[in-house]
């Protein structure tokens with residue numbers, strides 16, 4: 001029998017004991033994420049797929065795979081559950097998709113910190129630390145399926161960011177263990193700010209194996225929906241809850257009309273045409289929460305205790321953050337979304353002005369958070385009634401012209417999205433250190449399209 005000559009055939013032959021995905025349909029699915037949220041990315045990434053997919057189960061299997069890919073110059077795209085929205089997990093240059101979902105052990109929790117392998121689902125990590133009286137500081141609405149490594153590599157923050165800010169805020173990520181993409185791979189621990197040089201880089205500058213994060217004390221979270229007839233009162237109520245230092249909270253989400261009309265599973269609690277605020281607050285904070293409800297002329301239409309939420313296995317958190325977009329898309333396929341950041345202290349005026357300017361075409365969905373400096377503001381994942389790509393660009397520019405930052409979710413280049421321009425030299429230095437051949441998720445970093453040591457195709 002002739003020896004395999006194609007690099008993918010060599011991978012299969014020399015690493016035959018690994019858990020290779022052989023079904024072409026599964027390989028195609030593992031080459032996609034939720035980038036179809038964007039009609040722009042859906043068009044741009046159509047048909048992009050890996051030549052192979054593998055599901056490693058141990059650090060040694062990852063080491064062997066990485067070493068051989070480096071020797072053969074085979075691109076590697078790392079993925080968790082594929083819940084990202086920017087095409088992070090879509091391979092642009094073929095190669096191998098490395099499905100980390102089988103590398104998912106919980107490692108430990110102690111002294112307000114926890115550590116796990118990158119493929120662990122966030123919901124499982126959260127359950128594992130609960131017996132220690134702790135919980136994850138922030139989780140995306142996709143926590144049931146999203147992985148720890150996926151959140152680190154492509155996430156921003158989420159439920160809990162009202163207290164702890166974005167994931168990149170100092171103290172949220174404490175360390176990572178990563179492997180270099182070389183013929184003789186090295187395992188390296190990065191701590192604190194150095195670890196964050198790999199954060200939100202879509203797996204382009206490091207293959208992360210373990211993540212260590214700060215944890216928060218557990219509370220019995222009560223979930224509520226409060227509805228309003230007035231946009232301004234709904235917005236100001238959300239801000240008042242967010243700013244109230246004595247109200248213990250985990251989530252404050254504004255869904256302006258007509259967004260509640262898209263939330264069909266909650267139709268019994270959302271009167272037609274209403275504005276709604278979804279909250280998760282500690283049960284001990286119910287009385288002061290209700291004082292603010294009365295002050296801003298709201299109506300509590302839904303209330304569930306932590307015990308009731310657990311018993312039903314249904315949570316309002318899955319109607320917040322980008323689950324709002326997902327639920328709306330189930331009703332109207334012509335919807336897409338934005339990601340906006342408002343200026344702390346000016347955020348209420350900015351939100352009101354953008355609602356006046358673009359209301360009806362751009363539907364306000366705001367999430368109250370603490371920013372990197374610890375100040376209360378809101379970020380938005382507005383729904384957009386999509387017409388053309390040109391109009392979508394105009395809408396984003398209108399926001400920028402009015403001092404609202406746009407983290408463009410319709411691009412597949414790191415610099416054009418959240419990075420907002422050139423990458424810091426330290427980030428590029430980390431890539432050079434951990435991926436000297438440029439094999440990690442190639443095509444996503446503009447600064448590396450023509451690196452000093454360019455990988456063979």
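A few notes on this one:
- One residue from 400, 391, 446, 405 being surrounded by fewer than 17 Cβ atoms within 10 Å (Cβ to Cβ) and under 28 Å from residue 66 (Cα atoms): 446
- Per-region count, segment 148-166, residues surrounded by 19 or more Cβ atoms within 10 Å (Cβ to Cβ) and either out of contact with any strand residue (DSSP E or B) (no Cβ under 6 Å at 6 or more places or on another chain) or without any contact (Cβ under 8 Å) to a residue 40 or more places away in the chain (or both): 9
- Hits in segment 191-213 - residues which are in contact with a strand residue (DSSP E or B) (Cβ under 8 Å, 6 or more places away or on another chain) and either outside the structural domain of residue 167 (by TED's automatic domain parsing) or in a loop (DSSP other than H, G, I, E, B) (or both): 199, 203, 204, 205, 206
- Within the set 181, 188, 225, the sole residue that is assigned to a strand (DSSP E or B) and over 29 Å from residue 274 (Cα atoms) turns out to be 188.
- Qualifying positions in segment 419-443 - farther than 24 Å from residue 187 by Cα and either in contact with a helix residue (DSSP H, G or I) (Cβ under 9 Å, 6 or more places away or on another chain) or assigned by TED's automatic domain parsing to the domain that holds residue 176 (or both): 419, 421, 422, 423
- Filter result (without any contact (Cβ under 8 Å) to a residue 60 or more places away in the chain, out of contact with any helix residue (DSSP H, G or I) (no Cβ under 7 Å at 6 or more places or on another chain) and part of a loop (DSSP other than H, G, I, E, B)) within segment 6-32: 6, 16, 17, 22, 23, 32
- Residue list for segment 88-102, filter: under 15 Å from residue 8 (Cβ atoms) and outside any loop (DSSP other than H, G, I, E, B): 96, 97, 98
- Checked against the criterion of being in a loop (DSSP other than H, G, I, E, B) and more than 21 Å from residue 136 (Cβ to Cβ), segment 78-87 contains one or more residues that satisfy it.
The values are calculated or read from the model by the stated rules, or taken from the named source; none is laboratory data. All of these numbers come straight from a predicted model, not from anything done at the bench. Ideal geometry is used to build each Cβ from the backbone, glycine not excepted, and the neighbour counts take in all protein chains shown.
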